[in-house]
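A quick write-up on the structure given underneath.
The values are calculated or read from the model by the stated rules, or taken from the named source; none is laboratory data. Only a predicted model underlies this, so the values are computations on that prediction, with no experimental measurement involved. Cβ placement follows ideal geometry from the backbone for every residue including glycine, while neighbour counts extend to all protein chains displayed. Note: accessible area is taken over every heavy atom of the protein model, side chains too, but ligands, DNA and RNA are not part of it. Shrake-Rupley method; radii C 1.70, N 1.55, O 1.52, S 1.80 Å.
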Amino acid sequence: MPTQTTQVPPATLQNGLTIQGIESLRALDKPCYIIQDNNHITINHSGCDEVAKITAYVPPMVAEQLGDPSFKAFYGVKYAYMTGAMANGISSEEMVISLGQQNILASFGAGGLDLNRVESAIQKIQQALPNGPYVFNFIHNPSEPAIEQGTIDLYIKYGVTVIEAAAFFSLTPSLVYYRAKGLQQDAQGHIQINNKIIAKVSRREVATVFMQPAPEDVLNKLIAQGMLTPQEAQLAMQVPMADDITVEADSGGHTDNRPLVSLLPSIIALRDDIQAEKQYPVEVRVGAGGGVGTPDSALACFMMGAAYVVTGSVNQSCVEAGASEHTRKLLAQAGMADVVMAPASDMFERGIKLQVLKKGTLFPMRAQKLYELYTSYNGLSEIPAPELEKLEQQILQNSVDNIWQETVKFFQQRDPSVIEKAKNNPKKQMALVFRWYLGLSSRWSNAGVKGREFDYQIWSGPAMGAFNDWVASTYLNDYKNRRVVDVAEHLMYGAAYQHRIQVLKSQGLYLPSRYQRYTPSASVV
């Protein structure tokens, strides 16, 4: 890691002592000795001849040391860190490639994209990163199982060997098929897992499913369909469904808004119980995401036992994100309280919500209005005329008849079975019309569609506001300077620095407050 070269003047401590060499703390690859001589404290890398004067010591602590080393070895990456997927290509090819070229793991946001777009992304990323590292997102799509299977077919066709499974309540045949496909034993009898899964969960019951082997009944059905061999199915019953579990706390997008300090230890303990029972040769690692937007939050995750950390919201304001400049600017101005829950497009009928930005957009209120109409009426024809007129003019900005025709055309190309199910079901038709707005609102945000700014659906959690507060006085305050590699480096370097500060505190040395926080500098990336 590059070191901080700025010279820091002596500081007067609360007890009247002075301190020199504080800049030595920034050289994380070197040890630091705290030497007290009467009313003077010196920090250096070499110590002193009079051992009695050394009052504290911190060993080298670089960012690469944080987290579980097996995570880094498993994926061939520099840090126990990854950027999570943001659907509709917000976590874009450019984001994945930029990070991958620095050996930092990143997940492409394939959720919500058509199969042609996903295929194009696979080709582009594999061309730029022929040896990885990269991940492709695989989001649960209960209303379109054909899209789920089509996405998995693409991943297997192109040899995408790491996916990030998100928003699953239970295992689907397509996910089980991906995990089991290609399983084999080497000459020593060890099971070789070709298709790796990082599962994003926020509930113990879902984590349990991913920590267990694939269900036998699902495997048998896949054998009967000719999709798996009996040997692949037999081996699948000996390995967990996931290699890594990301404990998702209060994140942007789909989230249960769980507190990380409660959720992470619970899932780690669950992993330990299952490992004691199953005795897997390699235990499932447990990482943490949701709310990670500062070095302090990243370090807190590691200190609670997270094998790795995952960032999301903070990357959406970076220049590589597949989001419009207007959206990135709004995100860079957000505070921690500027987020709210709103109905989700993909699971609208189930009442599932996701976390979005509320500052600078009316989307949350308008989306909630659509859900209220959906729960109050059995079809569009039942909506009172004044209410329908307001809906068409203020929210949809189109007639429901036109939107229905567009919806039919869309699904005839994507998944005709959706329209078949809705033909004689007015409530289903109403849901699809409302999902037209919910689905397009995120695309309007990504593309920067003029005239629709107040309808932008911008996924974000409170980590975005925390990040903005942290970088307010630095070069990263300007969203045009934010790059995903810089953000990753500063978060991890800063977490290692904060660890060093905490070690000193444990030995009784409390530095002036301005030195207790790592501040990003363009020279330290």
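For the chain, what does the relative contact order come out to in percent, with C-alpha contacts under 8 Å and a separation of six or more? Result for the chain is 15 percent. Its Cα gyration tensor gives segment 95-144 an equivalent ellipsoid, and the semi-axes of that ellipsoid, as √(5λ) in whole Å with the largest first, are 22, 12, 7. Relative protection proxy for 468-480, 92-104, 333-345, from highest mean packing down: 92-104, 333-345, 468-480 (other beta-carbon atoms within 10 angstrom). Charged side chains reduced to their Cβ positions (Lys and Arg at +1, Asp and Glu at -1) give the chain a dipole of some 580 debye around its Cα centre.
When the helices of the chain are scored as -39500 (n - 2.57) per DSSP H run of n ≥ 4 and the total is divided over every residue, the value at 222 nm lands at -12000 deg cm²/dmol. Of T18, T246, the order by accessible heavy-atom surface (1.4 Å probe, DNA, RNA and ligands excluded), from most exposed downward, is T18, T246.
Taking only the Cα atoms of segment 408-460, the radius of gyration and Dmax are 13.3, 37 Å. In the list (i) 26.9, 97; (ii) 31.2, 126; (iii) 25.4, 88, the label attached to Rg and Dmax of the Cα atoms in Å as derived from the coordinates here is (iii). Packing, taken as the mean count of other beta carbons within 10 Å per residue, orders the peptides 228-237, 416-425 from highest to lowest as 228-237, 416-425. Summarising the overall dimensions of segment 116-179 from its C-alpha atoms, the Rg and Dmax are 11.7, 34 angstrom. In the neighborhood of S317, defined by Cβ-to-Cβ distances under 9 Å, what is the net charge if each Lys or Arg adds +1 and each Asp or Glu adds -1? That sum, taken over residues with Cβ under 9 Å, equals +3.
Built from the Cα atoms of segment 97-209, the convex hull projects on average onto 8.0 nm², one quarter of its surface area. Our note on the geometry: Cα centres of segment 466-497 and segment 54-78, 20 Å apart. Antiparallel beta bridges, as assigned by DSSP with both residues in the chain, represent about 40 percent of the total such bridges. Take the alpha carbon atoms of segment 337-415, find their center, do the same for segment 192-263, and report the distance between the two centers in whole angstrom. One Cα centre to the other: 32 Å.
Taking 18 Å as the straight-line reach from the Cα of K358, the lysines in range (excluding those fewer than 8 positions away in the same chain) are K329, K369. Under a model in which nothing but the beta-carbon of Lys, Arg (+1) and Asp, Glu (-1) is charged, segment 287-437 shows a dipole of about 100 debye around its Cα centre.
Here, segment 379-511 is characterised by an Rg to Rh ratio of 1.25, where Rg is the alpha-carbon radius of gyration and Rh the Kirkwood radius. Across all directions, the average flat footprint of the convex hull enclosing the Cα atoms of segment 320-369 is 4.1 nm². Straight-line cross-link partners of K221 among the aspartates and glutamates, defined as a Cα under 19 Å from its Cα and at least 8 positions apart when in the same chain: E148, D153, E232.
Solvent exposure of E406, expressed as accessible area, is near 90 Å², computed with a probe of 1.4 Å over the protein chains only.
With the charge dipole of segment 37-160 set up from +1 on Lys and Arg Cβ and -1 on Asp and Glu Cβ about the Cα centre, the Cα lying farthest toward the positive end among the listed residues F71, V118, C48 is that of V118. Based on alpha-carbon atoms, the Kirkwood radius and the radius of gyration of segment 286-415 give Rg/Rh equal to 1.07.
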